[in-house]
1. Loop only per DSSP, at most 10 neighbouring Cβ atoms within 10 Å: give me the GluC sites (Glu not before Pro) in region 113-193, ordered by residue number.
2. Can you tell me the orientation of helix 232-245 relative to the chain, as the angle in degrees between its alpha-carbon axis and the longest Cα principal axis, to the nearest 10?
3. Report the extension gain between residue 32 and residue 11 in nm, rounded to one decimal, defined as 0.36 nm multiplied by the number of residues separating them, less their alpha carbon distance.
4. In debye, nearest 20: dipole of region 188-246 around its Cα centre with unit charges on the Cβ of K, R (+) and D, E (-)?
5. Quick one: putting +1 on the C-beta of Lys and Arg, -1 on the C-beta of Asp and Glu, what dipole do you get for the chain around its Cα centre, in Debye to the nearest 20?
6. Would you mind telling me the share, in percent, of accessible area of the chain contributed by carbon and sulfur at probe 1.4 angstrom?
7. Can you list the lysines whose alpha carbon is less than 20 Å from that of residue 101, not counting same-chain residues fewer than 8 positions off?
8. Does anyone have the angle between helix 197-213 and the longest principal axis of the chain? Alpha-carbon axes, 0 to 90°, nearest 10?
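The values are calculated or read from the model by the stated rules, or taken from the named source; none is laboratory data. Just so we're clear, the structure is a prediction, and the values are computed from it rather than from any experiment. Here the Cβ is made from the backbone with ideal geometry for all residues, glycine too, and neighbour counts use every protein chain on show. SASA here: full protein model, heavy atoms, side chains in, ligands and nucleic acids out. Shrake-Rupley method; radii C 1.70, N 1.55, O 1.52, S 1.80 Å.
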Amino acid sequence: MEQYKGAPFGELSPHVFAVADASYRAMVNEHKSQSILVSGESGAGKTETTKLIMQYLTYVGGRTVGDDRTVEQQVLESNPLLEAFGNARTVRNDNSSRFGKFVEIQFDTNGRISGAAIRTYLLERSRVVQITDPERNYHCFYQLCASGGQDAEKYKLEHPSHFHYLNQSKTYELDGISNAEEYVKTRRAMDIVGISSEDQEAIFRILAAILHLGNIEFSPGKEHDSSVIKDQKSSFHLQIAADLFM
Ligand SMILES: Nc1ncnc2c1ncn2[C@@H]1O[C@H](COP(=O)(O)OP(=O)(O)OP(=O)(O)O)[C@@H](O)[C@H]1O
Ligand SMILES: [Mg+2]
């Protein structure tokens with residue numbers, strides 16, 4: 001980042017930092033908004049590239065040392081948060097984004113970051129209820145199941161193999177990734193981004209409720225077109241889902 005800062009475009013070897021720097025300079029010098037479009041097929045590296053660009057922009061547009069750096073931190077921590085809820089393992093990519101995103105970073109007249117807004121669109125919702133081996137559902141579900149201690153217990157969660165929405169695929173783990181550690185990172189990202197503990201609690205309660213909801217099975221009832229809860233196990237999950245949804 002130090003090397004590319006201020007270097008004329010094309011002077012150093014091609015790098016995403018060169019693109020980010022050229023864009024930043026153009027904004028500062030010409031006072032015009034700039035856009036960087038990151039494209040490519042699944043697994044090409046869009047998500048990783050976007051993170052590097054954001055890292056670079058918070059590096060050149062960060063405030064001087066000693067200042068409170070929360071805006072930059074919030075910008076960067078939005079990534080693990082969005083990935084937990086919108087990325088999943090696919091056959092092409094262990095961390096495939098199942099949504100599109102538009103990141104807007106605002107700068108003041110001194111070229112310092114003053115704010116940010118992130119818009120997401122087209123999340124692949126069907127993945128919540130249906131997955132195929134060896135893909136996975138959204139990371140957040142496995143993270144919550146692995147949260148251990150109080151959280152997993154509070155929500156009556158067990159190993160992912162107990163939940164229909166997760167056990168349609170036998171892939172529960174990702175190479176080199178700990179679900180439990182990722183849970184801690186997601187929680188920390190939520191704190192930094194500014195999601196209150198009540199809201200966090202509500203979010204994880206809903207995630208757990210969705211998993212229980214997926215375990216409710218129905219049988220045909222006595223009357224035409226009616227249905228009843230299939231068995232004891234289904235009643236158990238229904239009760240917990242209802243409790244969690246309040
Ligand atoms: N700059 C990089 N350095 C090292 N590894 C990288 C880099 N970029 C990508 N990768 C590797 O490739 C994998 C896929 O990259 P990434 O998730 O960014 O792809 P993507 O284009 O966002 O795909 P999708 O469209 O599925 O979301 C990463 O998890 C990482 O292992
Ligand atoms: Mg991606």
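1. Numbers: sites: 124, 135, 153, 158, 173, 181, 182; in loops: 124, 135, 158, 173.
Taking region 113-193 and a limit of 10 other Cβ atoms within 10 Å, no loop GluC sites (Glu not before Pro) are found.
2. In the chain, helix 232-245 runs at an angle near 40 degrees to the longest axis.
3. Values: separation 21, 0.36 × 21 = 7.56 nm, distance 2.35 nm.
My answer for the length gained is 5.2 nm.
4. Working: 5 positive and 9 negative charges, 38 e Å.
For this selection, approximately 180 debye.
5. Numbers: 26 positive and 33 negative charges, 67 e Å.
Taking the Cα centre of the chain as origin, the dipole is about 320 debye.
6. Values: 7410 of 14380 Å².
With neighbouring chains kept in place, the figure for the chain is 52 percent.
7. Straight-line reach from residue 101, under 20 Å: 46, 51.
8. Between helix and principal axis, roughly 50 degrees.
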